[in-house]
Every structure is written in C-alpha cells, then in structure tokens.
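Notes to accompany the following structure.
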Amino acid sequence: MRNRIALCATVVATGMLLAGCQEELPSGKPAPSTSATTTAQAPATPNADGVLNPGDIGKLESGVELSILKVEADEVEREGTVSVFTFQLNNTGKTTLEHWSRPTLVYGADGTAAEYVLSLDKKYQYGMEGKLPPGSKQTIKIAYAVPVDKLNPAVITSEELIWRGDFSKYNKS
C-alpha cells in the first residue's frame with residue numbers, strides 16, 4: 001500500500017514539474033511545439049453501445065490493434081463490382097497472433113450479409129497470412145460482393161470489434 005501511495009505521489013509531482021516547464025508567450029498562451037515528431041493514433045474508445053466509428057482503431061483482447069485503412073471499388077472477373085476493404089493489423093501485444101478471423105460485412109437498411117470474394121491475381125485474401133509476432137504489422141485486402149455505394153449504413157465485425165457507419169465514401173487520411 002505504501003508503494004502505491006509513493007508511486008502516485010511521484011507521478012503527481014512529475015506532472016506538476018513538467019507543467020511548470022511549459023513556455024508561455026506574452027499573451028499567456030502556451031508556445032506552439034517545435035517538435036517535428038508525430039504520434040500514432042491511439043485505439044479508440046467504443047461508443048456507449050460498444051461500437052466503433054469507421055475511422056477508429058480497435059484493439060483486440062490479444063493486444064492487436066485493427067484499423068480499416070480504406071474502402072474502394074474494383075472489378076473482379078465473374079463477380080463484377082466489389083468493395084475492397086484494406087485492414088491493418090498491428091501487433092502491439094506480447095504474444096504472436098496465430099489466427100485472425102476475417103471480418104464480416106453487413107450493409108443496407110435491411111442488414112444484408114455480403115459474400116467474400118477471393119481473387120488470387122488481385123491478392124484479395126480471406127484473412128491473415130501466416131503468424132504476426134509482437135511489433136509486426138500486416139496489411140490485408142478483403143473483397144466483398146457489394147458495390148461501395150451500398151455501404152451506407154454498413155457494419156463490419158472482426159472478432160470482438162464492431163464498426164458501424166457510412167463506408168460508401170470512406171478513406172482514412
């Protein structure tokens with residue numbers, strides 16, 4: 001218990017010290033940062049109903065961050081126009097990810113389930129290739145048999161993560 005109190009006191013004191021080091025302009029406003037570094041977007045906190053918005057990064061129980069980078073239309077032989085979702089897995093956890101279930105897509109007001117489309121020549125996959133060790137990323141393209149303009153509203157489910165929203169014009173910047 002004493003260790004926790006000492007740790008809390010140290011954290012508070014460090015925060016106060018760092019806050020006092022911030023440079024102020026004559027206007028009383030803090031000086032803009034001159035650092036050229038950028039920080040990665042942290043995983044989002046789901047809405048009250050547990051659902052993420054299209055641009056949010058979700059975090060799986062395994063510690064793997066999952067984001068949807070973009071959604072685009074493409075033509076696939078024998079399927080016609082498809083929606084291609086580009087997902088990125090980022091293993092920020094401590095263990096190797098052995099398996100990742102491909103996400104499901106439900107779209108439209110009636111909640112129609114979209115079928116997966118496999119295309120070897122376009123490298124549209126059904127899921128993760130191999131294993132994903134800690135500190136590694138993998139980008140995966142999965143195609144669904146639905147035109148992009150029908151993806152409002154749409155729901156993407158990947159394991160315990162759920163995204164809901166308008167994916168018809170979505171591209172993460």
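The values are calculated or read from the model by the stated rules, or taken from the named source; none is laboratory data. Just so it is clear, the model here is predicted, and its values are computed rather than measured. Quick reminder, even Gly has a Cβ in these numbers, built from the backbone with ideal geometry, and neighbours come from all protein chains shown. Areas reflect the complete protein model, heavy atoms only, side chains present, ligands, DNA and RNA absent. Shrake-Rupley method; radii C 1.70, N 1.55, O 1.52, S 1.80 Å.
Rolling a 1.4 angstrom probe over the protein heavy atoms with all chains in place gives region 87-127 an accessible area of 60 Å² per residue. Extension gain, E61-A145: 0.36 nm per intervening residue step, less the Cα-Cα distance, totals 27.3 nm. Summing +1 for each Lys or Arg and -1 for each Asp or Glu among the other residues whose beta-carbon sits under 14 angstrom from that of V117 gives -2. Annotation: amide H-H contacts under 5 Å for V146 (H modelled 1.01 Å from N, sequence separation of 5 or more, or interchain): S83. Each Lys or Arg adds one and each Asp or Glu subtracts one; over the other residues with Cβ under 14 Å from the Cβ of R164, this totals -3. Here region 84-173 has 50 percent of its accessible surface on carbon and sulfur atoms, given a 1.4 Å probe and all protein chains in place. The string of couplings for region 143-152 from the Karplus curve (6.51, -1.76, 1.60, θ = phi - 60°) is 9, 10, 7, 7, x, 4, 5, 8, 8, 9 Hz, one whole number per residue in order, with x for Gly and Pro.
Of D110, D166, the residue with the largest accessible area leads and the full order is D110, D166 (1.4 Å probe). Sparsely packed loop sites in region 136-173 (the trypsin sites (Lys or Arg not before Pro) outside DSSP H, G, I, E and B with at most 14 other Cβ atoms within 10 Å) comprise K169.
Solvent-accessible surface (1.4 Å probe) assigned to I142 amounts to roughly 0 Å².
Pairs of Lys residues in region 107-167, spaced 8 or more positions apart or belonging to different chains, with C-alpha separations under 21 angstrom: 7 in total.
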